[in-house]
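First comes the structure, then the notes that go with it.
Derivation of every value follows stated rules applied to the coordinates shown; laboratory data play no part. Small disclaimer: the values here were computed from a predicted structure and weren't measured. Backbone-built Cβ (ideal geometry, glycine too); neighbour counts: all protein chains shown.
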Amino acid sequence: MTSAIDTLKLYERLKAAELPDKAARELAEAFKETEQSRLEELTTKKDLSQELAKLEVRLIKWILGTGIGVVTAVFAFLKLIVK
């Protein structure tokens with residue numbers, strides 16, 4: 001993702017506030033790095049779609065497994081009753 005902070009504009013504002021050149025440059029870069037690290041941690045729609053697909057697969061497996069278990073139990077019960 002690209003940074004939303006305009007480091008040049010921030011640098012110019014810091015310089016206008018009479019901050020020394022080196023300090024203004026370092027602060028602008030620090031803000032940019034902090035924002036970039038925070039942006040990397042954001043969840044995207046793609047991430048959510050992938051997780052949802054995984055959950056759907058797990059749910060389908062669980063439903064099928066439970067259904068097969070119930071059918072097996074019913075047949076076993078019927079087999080005991082019929083004898």
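Taking every DSSP helix (H) stretch of at least 4 residues in the chain, weighting each as -39,500 (n - 2.57) and dividing the sum by the residue count yields a mean residue ellipticity at 222 nm of -28500 deg cm²/dmol. Rounded to the nearest 10 degrees, the angle from helix 21-40 to the longest Cα principal axis of the chain is 10 degrees. Working from Cα positions, state the angle (0 to 90°, nearest 10) between the long axis of helix 45-82 and the longest principal axis of the chain. Around 10 degrees separate the two axes.
Its Cα gyration tensor gives the chain an equivalent ellipsoid; the semi-axes, largest first and in whole Å, are 65, 9, 6. Under the convention that each Lys and Arg Cβ holds +1 and each Asp and Glu Cβ holds -1, the size of the dipole of the chain around its Cα centre is about 860 debye. Relative to the longest principal axis of the Cα atoms of the chain, helix 7-16 runs at roughly 40 degrees. Ordering ARG25, ARG58, ARG13 from the fewest to the most neighbouring beta carbons within 10 Å gives ARG58, ARG13, ARG25.
Over the chain, what is the relative contact order in percent, taking alpha-carbon pairs closer than 8 angstrom and at least six residues apart?
28 percent
Of all the options ALA24, ALA53, ALA73, the one that moves most in a Gaussian network model of the chain with Cα springs shorter than 10 angstrom is ALA73.
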